[in-house]
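Please treat every number below as a calculation from the coordinates, not as lab data. All values reported here derive from a predicted model rather than from experimental measurement. A quick note on method: Cβ atoms are made from the backbone with ideal geometry, for glycine too, and the neighbour counts reach across all protein chains shown.
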Amino acid sequence: MASPNLNGFTTSSERILVIKLSALGDFVQATGAMKAIRAAHAGAHVTLLTTAPYAALAKATGWFDAVWSDGRPDWTDLPATLGLLRRLRRARFHRVYDLQCQGRTNRYFQLLWPRRPAWSGNAPGAAFAYRGPERDRLHVQDSFREQLRLAGIAEVGPPDIGWMTGSGAAPAPRTPYALLIPGGSPHRPAKRWPADRYAALAARLSGAGLTPMILGHGDEEAALAGTILAGAPGAVSLVGRTGVGDIADLARGAAVTIGNDTGPTHLAVAAGSPAVVLFSNESDPALNAPRAIRPDQPVLTLRAPDLADLGVDRVAAAVDEVRSR
């Protein structure tokens, strides 16, 4: 028979499910909560339900005994949807921590009737319900802390990607360098500071003795890098050459990161880089800005309703402030 640990949870034969489906920035923000759940259920069998792009990351954390990557079947794909529901039913989870808290995962809870596990999330009827307008006013990390507090987990630390490392395919230069992250979600271009502004900033960074290193993936972000290189020949493009582990490694040695509100920027901050993060009205830094993981890590956010109106002087001044701390 299972015995209780210091947190009041069982230490053997307990089956726990954590749900986090996407996206990169959201996954990074949730790592502190994931680690806390693992610590609270140290002797349990803990499974993560996610999607294919995040399966390898989840396995690398060392926090999960199993990783399921089929967490978001198309609702029109009835065999896949029914297959996931059967899998959830057969697992007989004792407790579920829904860190996604969206309509999809709420439906999973409803569809598990009549044998629903003890559920932590915003689904109506959840055993550890975390609902109400106050939830939507909290920064995502504070929201995770409150959600887990209601489920009996008192200690939740900042994002933790200390386990993340790359292949070494994009080694850091021996000279001081800055990371530039000019891209972002293709369907949300308003979250991007214009590439010509990044070019002007890169030229200033070069003049200050920093090598600008441009990160990104795909043809569209390669084009952004081309614009930056045209205005700052001393910059280096790493577009298409870095996986998430490589970005983490580079961020650990960077003098500063300047980036839009996008996954790689969140990752760089979680790796410990000083940073200036740029927001438009497309997203709210009060709710989801990356936060420093230690007291001596300066992280500034700048916001303009339209990033086209954000001048180079203002960003350069923020970079100087970060570097002077």
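Data overview
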quantity	calculated
Label-point separation, A129 to Q102 (7 Å along Cα→Cβ), nm	2.3
Selection from A55, L84, P212, by position along the positive dipole direction of the chain (Cβ)	L84
Segment 91-107 - phi-based ³J(HN,Hα) in whole Hz, Karplus 6.51/-1.76/1.60, Gly and Pro as x	5, 6, 5, 7, 8, 10, 10, 8, 8, 8, 6, 10, x, 4, 6, 5, 5
Amide H contacts of G157 (H built 1.01 Å from N, under 5 Å, at least 5 apart or other chain)	A36
Measure of compaction for segment 15-150 (Cα Rg per 2.2 N^0.38 Å)	0.98
Stretch gain in nm, segment S13-R137, where the contour uses 0.36 nm per residue and the Cα spacing is subtracted	40.9 nm
For the chain, convex hull of alpha carbons as volume per residue, Å³	139
In order through segment 218-230: 3J(HN,Hα) via Karplus (6.51 cos²θ - 1.76 cosθ + 1.60), integer Hz, x for Gly, Pro	x, 5, 5, 6, 5, 5, 4, 4, x, 5, 5, 4, 5
Placed amide H near D70: partners under 5 Å, 5+ positions off or other chain	T50
5 angstrom amide H check on T257, placed H, neighbours 5+ away	L179, A275, V276
Residue-averaged [θ]222 nm for the chain, counting only DSSP H segments that reach four residues, each worth -39500 (n - 2.57)	-11500 deg cm²/dmol
Unit charges on C-beta of K, R, D, E only; dipole of the chain, Debye	1180
For segment 53-107: Kirkwood Rh in Å [reciprocal of mean 1/r, alpha carbons]	12.7
Segment 177-324 - charge dipole about Cα centre, Lys and Arg +1 at Cβ, Asp and Glu -1, debye rounded to 20	240
Positive-end residue, the chain charge dipole about Cα centroid, Cβ charges, pick of T105, N281, V140	T105
Segment 159-165 - phi-based ³J(HN,Hα) in whole Hz, Karplus 6.51/-1.76/1.60, Gly and Pro as x	x, 9, 10, x, 7, 8, 8
Pairs of alpha carbons in segment 177-324 whose separation is greater than 27 Å (percent)	9
Hull volume in cubic angstrom per residue (convex hull over the Cα atoms of segment 94-180)	182
Rounded to 10°, Cα long-axis angle of helix 244-253 versus longest principal axis of the chain	50
Fully extended contour minus Cα-Cα distance, from W113 to L85, at 0.36 nm per residue	9.0 nm
